[in-house]
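The values are calculated or read from the model by the stated rules, or taken from the named source; none is laboratory data. If you're wondering where the values come from, they're calculated on a predicted model, not measured in any experiment. Because the Cβ atoms are built from the backbone with ideal geometry, glycine has one as well, and the counts that use them run over all protein chains shown.
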Amino acid sequence: MKVADNPAPRPARRDVTVASVMAPTPRLRRIVLEGPDLADIRSDRFDDHVKLLVPGTDVRRSYTIRHVDAQARQLTLDCVLHGHGPAAQWAASVRAGDRVTVFGPKPRHEPVAFAETRILFGDTTALPAMARCLETADRHSGRVHVYVALDDAGERQRDLKPLRPGDTLAWLDPDGMDDLGWVRLRHAARRHDWSAADITAWIATETSVARRLRAELIEEEALSRTQIKAAGYWRAGEVDGGMRL
Ligand SMILES: Cc1cc2nc3c(=O)[nH]c(=O)nc-3n(C[C@H](O)[C@H](O)[C@H](O)COP(=O)(O)OP(=O)(O)OC[C@H]3O[C@@H](n4cnc5c(N)ncnc54)[C@H](O)[C@@H]3O)c2cc1C
């Protein structure tokens with residue numbers, strides 16, 4: 001068996017305290033974590049995530065880093081209250097002063113800046129990453145276009161706006177079809193102008209929808225696999241169903 005010369009460093013364990021809990025929308029909890037274990041935290045990429053160890057269990061679930069401030073030793077997560085599952089239940093009942101452990105993010109050494117046009121497709125679990133991509137627009141010269149399929153129109157985050165002219169954010173409200181946003185995201189993809197010379201797509205939503213949307217972009221928009229980064233962030237009917245596709 002070949003042993004790697006430089007095995008990847010393990011994501012750091014961070015034992016932290018809940019500093020505050022806010023509800024930007026009815027089904028979202030914005031949870032600010034703080035503590036000395038965050039003094040060296042760094043997150044350069046908009047879709048960096050940590051693994052949250054649900055207190056009192058051995059359950060670990062992925063959450064995107066919505067915001068990080070190593071100086072203030074704070075980390076912010078936006079957790080969707082989807083109604084089932086230990087992580088969502090923890091988020092629904094967590095209070096300031098509670099203790100929790102997170103692992104990560106994985107150290108990465110890729111450049112932050114990008115020049116290409118990026119089209120982002122997702123649901124409310126992807127919104128923290130998509131919001132970060134819009135907000136870090138000063139760090140890149142490419143355009144960002146975001147399509148987010150909501151499962152409830154009340155989940156629009158009114159204060160979230162693209163910072164730069166040319167970037168766009170489209171809220172796709174529920175249309176009565178119980179298809180996890182598939183038809184809305186596909187329509188958005190079909191309507192989008194894909195003619196920019198250098199273009200990539202990022203997809204993060206329910207796993208079967210992410211898979212179908214990736215296939216759609218390859219078949220209908222002639223994108224290559226290397227132009228698409230797709231992930232299932234959760235899977236209907238499955239525990240811990242997120243996966244990189
Ligand atoms: C890289 C990555 C980053 C992520 N970032 C975020 C984030 O920032 N915020 C966030 O809220 N989520 C995020 N997720 C999704 C989150 O990890 C999953 O929703 C996870 O399954 C929640 O765990 P749970 O214990 O609540 O539910 P589980 O125990 O995993 O699942 C229990 C049941 O709930 C269902 N379920 C799970 N998630 C949802 C959902 N969103 N809507 C409806 N039903 C659901 C499952 O199908 C299952 O039937 C991310 C996932 C990945 C892979």
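Miscellaneous remarks
- Taken together, Ala91, Ala96, Ala115 contain a single residue that is more than 19 Å from the chain's Cα centre (by Cα) and over 25 Å from Leu217 (Cα atoms), which is Ala96.
- Matching residues, segment 26-67, being in contact with a helix residue (DSSP H, G or I) (Cβ under 9 Å, 6 or more places away or on another chain), of a type in the set (Val, Ile, Thr) and buried (at least 20 other Cβ atoms within 10 Å of the Cβ): Ile31, Thr64, Ile65
- In the set Ala39, Ala12, only one residue is on the phi < 0 side of the Ramachandran plot and either hydroxyl-bearing (Ser, Thr, Tyr) or out of contact with any Gly (no Cβ under 8 Å at 6 or more places or on another chain) (or both); that residue is Ala39.
- Of the strands (runs of 3 or more DSSP E) lying entirely inside segment 122-209, those containing at least 1 residues that are within 16 Å of the ligand (Cβ to nearest atom) and in contact (Cβ under 8 Å) with a residue 40 or more places away in the chain are 144-149, 199-206.
- Matching residues in segment 210-221 - criterion: being more than 18 Å from Ala149 (Cα to Cα) and either of a type in the set (Lys, Arg) or touching a residue at least 12 places away in the same chain (Cβ under 8 Å) (or both): Glu220, Glu221
- Close Cβ contacts (under 6 Å, 6 or more residues apart or on different chains) running from residues in segment 233-245 that are in a loop (DSSP other than H, G, I, E, B) to residues that are of a type in the set (Ser, Thr, Tyr) and near the ligand (Cβ under 6 Å from one of its atoms) comprise Gly242/Ser62; Gly242/Tyr233.
Yes or no, residue by residue, for (1) surrounded by 12 or more Cβ atoms within 10 Å (Cβ to Cβ); (2) out of contact with any helix residue (DSSP H, G or I) (no Cβ under 8 Å at 6 or more places or on another chain); (3) modelled with pLDDT of 95 or more:
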| residue | (1), (2), (3) |
| --- | --- |
| Glu110 | no, yes, no |
| Phe114 | yes, yes, no |
| Gly122 | yes, no, yes |
| Cys133 | yes, yes, no |
| Pro162 | yes, no, no |
| Leu169 | yes, no, yes |
| Leu172 | yes, no, yes |
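- Count of residues meeting criterion [among the aromatic types (Phe, Trp, Tyr) and either in a strand (DSSP E or B) or more than 13 Å from the ligand (Cβ to nearest atom) (or both)] in segment 54-104: 2
- Qualifying position, being small (Gly, Ala, Ser), buried (at least 19 other Cβ atoms within 10 Å of the Cβ), within 16 Å of the ligand (Cβ to nearest atom) and over 18 Å from Arg45 (Cβ atoms), among Gly241, Gly232: Gly232
- Of the set (1) at pLDDT 95 or above; (2) within 10 Å of the ligand (Cβ to nearest atom); (3) not charged (D, E, K, R), all apply to Leu38 but (2).
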